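The block underneath contains the structure these notes are about, expressed in structure tokens.
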Amino acid sequence: MLGLQPNAWRYLHNGPLFKANIKAQLKDFKVVEKLTFEPNGEGEHDFLFIEKEGLNTAFVAEEMAKFAKLPLRNVSYAGRKDKFASTQQWFGVYFGKKERVDWDNFSLVGLQILKQTKNQRKLRLGTIKANAFEIRLRNISDLNETQLQQRLQDINRNGVPNYFGNQRFGERIKTDGSVELGGNLQLAEKLMQGEAIRNRNKRSMAISALRSWLFNYFVSERLQNAGFKVLSGDVFILKGSNSFFVHELIGTSSQQQAQNEQLIKRLSERDVLFSGPMWGEGKLDSTSAALEREQQISATFPDICEHLASLGLKQQRRPAFIFPENLAYEIEDNDLILRFSLPSGSFATSVLREIVDIDVGIAPPKV
């Protein structure tokens with residue numbers, strides 16, 4: 001067994017400033033999803049904007065499919081949302097020629113339908129413009145507001161590592177309310193050893209956790225060895241898209257210097273972003289010095305790389321750093337409330353870890 005751990009990644013901003021509790025109540029962690037488009041109100045797809053607490057996205061999709069008497073594949077969503085939170089997100093349900101159901105009769109503890117409409121096209125994974133977060137941190141110890149303001153300024157300027165959060169790797173509430181992390185990684189290790197996982201959803205989460213863990217490792221090693229230094233052959237993603245290009249230095253030394261200066265300017269304007277590999281079969285997109293660096297890192301975990309490639313996953317790129325937007329705070333008694341927005345696929349906990357050492361304080365489950 002590899003014994004993969006979910007949260008051993010390096011910091012960009014010298015570690016957290018203070019300690020606090022998170023998720024003492026589900027409403028302490030709020031997320032509102034914003035799509036890249038507006039449903040047009042017509043078509044064969046029911047679109048439901050829901051608010052859920054204590055429910056994971058996949059379970060809600062399963063319950064919607066059961067209620068509508070449709071195959072699970074007919075229910076879609078733009079992205080998964082944290083189970084241990086109060087989240088607002090869209091679901092799409094495709095009926096085609098089948099008779100529609102009355103969603104006013106759909107009942108699920110912890111869920112409320114906020115809006116119903118229709119759309120002509122399916123709600124596809126990834127069609128999220130941003131997620132807006134409001135997070136309340138409780139029982140703060142040793143908060144220095146001057147230091148907090150400086151840290152937020154640093155984050156505004158330099159961003160944070162775009163790590164996948166612990167939710168991706170699995171969170172399980174024990175009977176005493178404590179949280180055990182890494183369940184999906186444990187499943188992934190069993191999968192690598194040849195153990196079959198029959199539940200398609202669990203298998204998917206295990207594979208996703210393994211691939212995400214390896215990406216985090218790449219980013220953490222980048223912080224340690226190269227940071228924001230531009231390497232020849234680095235792969236840069238155009239902000240707000242999946243398009244990327246390779247920064248291959250060519251020509252004379254003065255020409256290469258000009259190329260670097262132009263790229264650094266684009267980085268400062270956040271027009272382009274450093275990237276790291278999401279592992280799969282095929283060649284890495286990086287070249288030259290950057291390729292050599294990524295090959296050295298991947299050689300640390302050949303079994304993981306080989307397994308991910310064997311699953312038919314393709315080499316992809318993901319931004320290595322992200323920049324929260326509209327980052328603001330409010331102090332209320334001994335609580336700190338943080339508000340910010342992140343692009344689709346990024347985790348609020350990756351912002352929080354650069355500010356606060358958080359202790360998950362979820363209430364014990366009812367028995």
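Just a few scattered comments:
- Residue in the range 146-155 that is surrounded by fewer than 18 Cβ atoms within 10 Å (Cβ to Cβ), touching a helix residue (DSSP H, G or I) at 6+ places or on another chain (Cβ under 7 Å) and outside the structural domain of Met278 (by TED's automatic domain parsing) present: no
- Entirely in the range 165-245, the strands (runs of 3 or more DSSP E) that have 3 or more residues that are modelled with pLDDT of 90 or more and on the phi < 0 side of the Ramachandran plot: 234-238
- The residue pairs whose first member lies in the range 174-191 and is closer than 10 Å to Leu4 by Cα, whose second member is at pLDDT 65 or above and not in a loop (DSSP other than H, G, I, E, B), and whose beta carbons are closer than 6 Å, counting only pairs six or more residues apart or on different chains, are Gly182/Phe169; Leu185/Phe169; Leu185/Ala209; Ala188/Ala206; Ala188/Ala209; Ala188/Leu210.
- For the range 268-323, a residue qualifies if it is small (Gly, Ala, Ser), part of a helix (DSSP H, G or I) and free of Cβ contacts under 8 Å to residues at least 12 places away in the same chain, and exactly one does: Ser268.
- Hits in the range 212-243 - residues which are among the hydrophobic types (A, V, I, L, M, F, W, C), buried (at least 18 other Cβ atoms within 10 Å of the Cβ) and touching a residue at least 40 places away in the same chain (Cβ under 8 Å): Trp213, Leu214, Phe215, Phe218, Val219, Leu231, Val235, Ile237
- Screening Leu125 against (1) over 21 Å from Ile322 (Cα atoms); (2) of a type outside the set (Ser, Thr, Tyr); (3) assigned to a loop (DSSP other than H, G, I, E, B) leaves a single unmet condition, (1).
- So Asp82, is it acidic (Asp, Glu), within 17 Å of the chain's Cα centre (by Cα) and surrounded by 15 or more Cβ atoms within 10 Å (Cβ to Cβ): yes
- Residue count for the range 16-40, restricted to those that are loosely packed, with under 13 Cβ neighbours inside 10 Å and within 20 Å of the chain's Cα centre (by Cα): 1
Residue-wise test of (1) β-branched (Val, Ile, Thr); (2) closer than 24 Å to Ser86 by Cβ; (3) touching a residue at least 12 places away in the same chain (Cβ under 8 Å).
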{"site": "Arg124", "(1), (2), (3)": "no, no, yes"}
{"site": "Ile128", "(1), (2), (3)": "yes, yes, yes"}
{"site": "Asn131", "(1), (2), (3)": "no, yes, yes"}
{"site": "Glu134", "(1), (2), (3)": "no, yes, yes"}
{"site": "Gln150", "(1), (2), (3)": "no, no, no"}
{"site": "Asp154", "(1), (2), (3)": "no, no, yes"}
{"site": "Pro161", "(1), (2), (3)": "no, no, yes"}
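The values are calculated or read from the model by the stated rules, or taken from the named source; none is laboratory data. If you're wondering where the values come from, they're calculated on a predicted model, not measured in any experiment. With ideal geometry, Cβ positions are generated from the backbone for all residues, glycine too; neighbour counts draw on all protein chains shown.
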